[in-house]
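Down below is the structure, laid out as C-alpha cells.
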Amino acid sequence: MNIDVEDGVNDFVKQRRDGSVAVIVVDNPPVNALRHEVRAGLLEAFSAARDDAAVSAIVLTCAGRTFVAGADITEFGKPPKPPILSEVISAIEAIEKPTVAAIHGTALGGGLELALGCRYRVAAAGAKLGLPEVKLGLMPGAGGTQRLPRLIGAEKALGMIVSGDPLPAQAAFEAGLVDEIVEGDLSAAAIAFARKLVAEKRTRAPVRDMSEKLADLRANPAKFDELAAAQLKRARGLAAPAACVEAVRWSLDVPFDEALKRERAKFVELLGSDQSKAQRHVFFAEREAAKAPGLPKDVKAREIKSAAVIGAGTMGGGIAMCFASAGIPVTVIETSQEALDRGLATIAKNYRNTAARGGMTAEEADRRIGRIAGALTLEAVKDADLVIEAVFEEMDLKRRVFADLDRFAKPDAVLATNTSYLDVNAIAQTTQRPGSVVGMHFFSPANVMKLLEVVRGAKTAPDVLATAVDVGRKIGKVPAVVGVCHGFVGNRMLRVRGIEAERLLLEGALPQDVDGALTGFGFPMGPFAMGDLAGLDVGWRVRKAEGRRAEIADQLCEMGRFGQKTGKGFYLYEAGSRTPKPDEEVERLIVETSARLGVKRHPIGKEEILERLLYPMINEGARILDEKIAARPGDIDVIWIYGYGWPVWRGGPMFYADQVGLAQVRDRLVQFAEKTGDQTLMPAPLLARLAAEGRGFGSLAAK
Ligand code: T1G
C-alpha cells in the first residue's frame, strides 16, 4: 500500500491529504491492534478532519498486512486508558462528512466495530470481517452487538457474533456489511469511492439510526428465540455465547444508547471472568506453542508443494484429507490394492458426506478428492516434498518403512512419522539422514482434530522442524513442539489419568461416576466412554507391549468387549447407537475384582474423583516441563485443549492448576500417594518447589 505520510498524529496513527480527502492511517504492526495510543490518535485525527473545512471526506485505512484486528488483548485486565473505543467510534459516527473504512486482511472485533462507526466500508477481495470476541470469552464491547444487527439484520448478526467466525468479503458485500469489493490498490479505490460520494452529494444515516433490517425479528421475537436456541446448542459450559445472544436481542427492543451502556457493562463483567481469562491465556499460548525454543529466528521453512502418506487406514486417510483440503496434492501408499481402494473410498465418502451436509459444494468435494492419488509401491514418494508415515504403531515396522523411505525419498524431502508413542530418534537412526526426520503426531479423526504434536528429534534439523510447524499451520492445525519421550506430552499425561481412572473403579466408583465427573467439568467425554469409542483393544495392545495390566479394562478385552465396535465395553451400546448405557455385568465384574484384590470399596465423591483424575496429570505435566519435553506450561494447555477435549474455558491443566493453587494440588497428591501407596503420585520437584515458593506455573518464563 503506497502511503506518503504527510504527518504523524502519533507513532501509530498517521494522516495525509489526497485532494480534499483526508486519509487516516493506522500503523501498529503486526495486526494494528487498538492499543490506547491508536485510539487516542484516531480520535484526534478524525476530529481534525471533521473540523477542517477543506476536508470533504475521510478515509480510514491501515498499513501492513491487515486492517485493525481488534482491541489490544494484552491491555485486558489492566486499568483502561482513555479514550475507550466506543467513545472514539461514537465521535466518528457523528461526523456528517462521508467516512469510508478501507478494509484489507482481517477487520476483527474492535476493528470491525470501528468500521461500523464509518458511514461506508470498502473491502479488498480477500478480506475477512468478523466479531470473534466470543472466542476470548467476551462479547463485542464497542457497539458491535447494536450496530451490526442494524446493518445486516439480527439473524445474520446473531450468527456472526455467537460463532465468532468471520465473513469473507463477498459474503459481507451480499449481507450489506460492505459497500464495494475492490481489486488492486485499496487505498486509491477507497479515495475514489469517497470522492464519488462527495461528487454525488450522497449521504447515509449513521448505522445507529438504521432500523429497517430489524423489522422482521422485531415483529417476530419468537423467531429470534428459535434462532438463538439453535446458536446456543454448541455453547456447552461457555458463558459468553448466551451474553452475546442477550445483547443482540437488545438491538430489537432497547433504545440504542441504553443498549450500548448495557453492552459495555456486560463486556466489563465478562472481561473479569475466569472463563475469559482462561480463553485469553489460550489465545497467546496457542501462538507460543508453535515457537520451538532455540530455533534461529531466521530459519526458513521449506515449501511443501506435494506430500505422500504411507498407510491408508483411519489415520493415513484423515491425514491425506488435511493436505488435499489445503490444496496440496497428496499420494497415499498402501501394500495391497484392496487396502488402498478401501482407504480411498472412505476418504471420498467423508468428503461427499460433508458436501451432503452443506459443509462444502459437491464441486469442492470432487476437487479435493481429485488431489489424492493412490500407489502400491514406496517409490511413489520420490517427488514428494513431505512424506508422512502412518502405519501400524509397531517399532520394527516403522523402522523398516523409514529404511526404505531413505532409499526412495528425494534428498531434501522432510520425513515425518505419525507415531503416537514411539521413540522418534530410534526411527530416525534407520536412515542416513536423521536430520530430515521429525514427528508429526496427528489426532483421530485427523481431518477434524486441530492438534498436531510436532516431535523434535535429537537430530531434527532446524528447518525441518520449522517446516513441520509451518505446514501444520497451513493445513489448519494448531502445532505444538514437543521433545521425545514415551507418549510425548498428551499421551504420557493421558496414561497417568488412565491409571487413576482404573484405580477409582477398584476403590468404589463406577464408569459412569468417573465419566460424569469429567463431563461435569466440561470434557465432552470421560475416559471410559472415550476408551469404548477408540476401541479398548488399542489400549490393551499398548499395555501388553509395556508389560502392564489394567485389571478391569483387560478383563473386558479378554471377554471380547472392545467398546462401541463390539456393542459392549465399559458400557452397553444398542445397535446403531453411540449412547453409553451402564451395564450391570460390568458393575458386577468391578465389585468382584475389588473383592478378589482385597480392595475395600467405599463411596468416592465427585470432587475427589475429579482431583484424582486431574492432579496426577498436572503432576506429570510438571515432570514434562522439568525434562524440557515441553517448553512452556501453555504448550501443555494447548495440547490438552486441542487434542484431548479439555474445556477451553478452563484454560488447560497447567492454567487450571494455578487457579486451584499449587499448594492445594501438592497436598492432595501427597494424600493420594499415601492412600494408594503409589509413590509416582508424590509431587514432582517443580510442582513442589513452585508450591513452596507460593508461585504458579504461569510464573515460569519460556525456557
Ligand atoms: N491484540 C494483541 N496482540 C494480538 C492481537 C490482538 N487483538 N491479535 C494478534 N496479536 C498478536 C499475536 O499474539 C501474535 O503475536 C501476532 O499478533 C500475530 O498474530 C472492543 C474487546 C488477526 C487473524 O480476537 O485472530 O476487539 O506471537 O500469529 O496467524 O469489542 O491474530 O507474534 O508475539 O495470530 O496471521 C478481537 C485476534 C479482540 C483477533 C492474524 N480480535 N487475532 O492471525 O497472526 S477483542 C481478535 C487473530 C475486541 C472489542 C473487543 C489473529 C489474526 P506474536 P498471529 P495470524
**Asked** Using 0.36 nm per residue, how much length does the chain from residue 165 to residue 211 gain when fully extended, once their Cα-Cα distance is taken away?
**Response** 14.1 nm
**Request:** Evaluate the Debye formula for the range 346-442 with equal point scatterers sitting on the alpha carbons, no solvent, and hand back log10 of I(q)/I(0) at q = 0.10, 0.22 Å⁻¹, in q order, two decimals.
**Result:** -0.35, -1.02
**Asked** Pairs 128/213; 544/581; 477/628; 156/477; 223/277: which exceed 26 Å Cα-Cα?
**Response** 544/581; 156/477; 223/277
**Complete:** For residue 305, counting only aspartates and glutamates whose alpha-carbon sits under 15 Å away and dropping same-chain residues fewer than eight positions off, the answer is 383, 385, 412, 470
**Prompt:** If we count every other residue with Cβ under 14 angstrom of residue 129's Cβ, Lys/Arg +1 and Asp/Glu -1, where does the sum land?
**Reply:** -2
**Message:** Can you compute the modelled spin-label distance between residue 607 and residue 230, with each label point 7 Å from Cα toward Cβ, in nm?
**Reply:** 4.2
**Prompt:** What GluC sites (Glu not before Pro) does the range 139-204 have in DSSP loop regions with at most 11 other beta carbons within 10 Å?
**Reply:** 183, 200
**Complete:** The farthest towards the positive end of the charge dipole of the chain, of the residues 99, 630, 386, given +1 on Cβ of Lys and Arg and -1 on Cβ of Asp and Glu, is 386
**Cβ crowding within 10 Å averaged over residues, with 329-335, 145-151, 599-605, 109-115 ranked highest first** = 109-115, 145-151, 329-335, 599-605
**Prompt:** How many nm is it between the label spots at residue 394 and residue 664, if each spot is 7 Å from the Cα in line with the beta carbon?
**Reply:** 4.8
**Request:** Subtracting the Cα-Cα distance from 0.36 nm times the residue separation, let me have the gained length for residue 287 to residue 692 in nm, one decimal.
**Result:** 142.8 nm
**Fill in**
With the 8 Å Cα cutoff and a minimum separation of six or more residues, the chain has a relative contact order in percent of 9
**Item:** Long-range Cα-Cα pairs in the range 230-269 (distance over 16 Å), rounded percent
**Value:** 37
**Cα centre as origin, Lys/Arg/Asp/Glu Cβ charges: the chain dipole, Debye** = 260
**Diffusion coefficient, µm² s⁻¹, Stokes-Einstein with Kirkwood Rh over alpha-carbon pairs of the range 62-114 at 20 °C and 1.002 mPa s** = 173
**Prompt:** With r defined as the distance between the Cβ atoms of residue 544 and residue 591 and R0 fixed at 22 Å, what FRET efficiency is calculated, to the nearest 0.05?
**Reply:** 0.30
**Asked** What area, in nm² and to one decimal, does the C-alpha convex hull of the range 221-370 cast on average over all directions?
**Response** 14.9
**Request:** Kindly state, to the nearest 0.05, the FRET efficiency for residue 678 paired with residue 425, given R0 = 22 Å and r defined as their beta-carbon distance.
**Result:** 0.15
**Request:** Give the residue from 152, 140, 173 lying farthest towards the positive end of the charge dipole for the range 140-186; charges sit on Cβ (+1 for Lys and Arg, -1 for Asp and Glu) and the dipole is referred to the Cα centre.
**Result:** 140
**Item:** Protection-proxy order for peptides 683-696, 622-635, 23-36, each taking the mean of Cβ atoms within 10 Å per residue, highest first
**Value:** 622-635, 23-36, 683-696
**Fill in**
Quick calc: nm separation of the 7 Å Cα→Cβ label points for residue 273 and residue 52 -> 4.3
**Request:** Starting from one equal scatterer on each C-alpha and no solvent at all, send me the Debye-based log10 I(q)/I(0) for the chain at q = 0.06, 0.07 Å⁻¹, two decimals.
**Result:** -0.41, -0.56
**Asked** Out of 414, 645, 47, whose Cα points farthest toward the positive end of the dipole of the chain (charges: +1 Lys, Arg; -1 Asp, Glu; placed on Cβ)?
**Response** 414
**Request:** Give the angle, between 0 and 90 degrees and rounded to the nearest 10, that separates the Cα long axis of helix 662-676 from the longest principal axis of the Cα atoms of the chain.
**Result:** 20
**Request:** Compute the signed sum of charges (Lys and Arg +1, Asp and Glu -1) over the other residues within less than 10 Å, Cβ to Cβ, of residue 295.
**Result:** +1
**Request:** Mind ranking 661-669, 647-655, 297-305 by how tightly packed they are, going by the mean number of other C-beta atoms within 10 angstrom, highest first?
**Result:** 647-655, 661-669, 297-305
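Every number in this text was worked out from the coordinates using simple rules, so none of it is lab data. Not measured: the values here are computed from a predicted model. Heads up, the Cβs are rebuilt from the backbone with ideal geometry, glycines too, and the neighbour counts pull from every protein chain shown.
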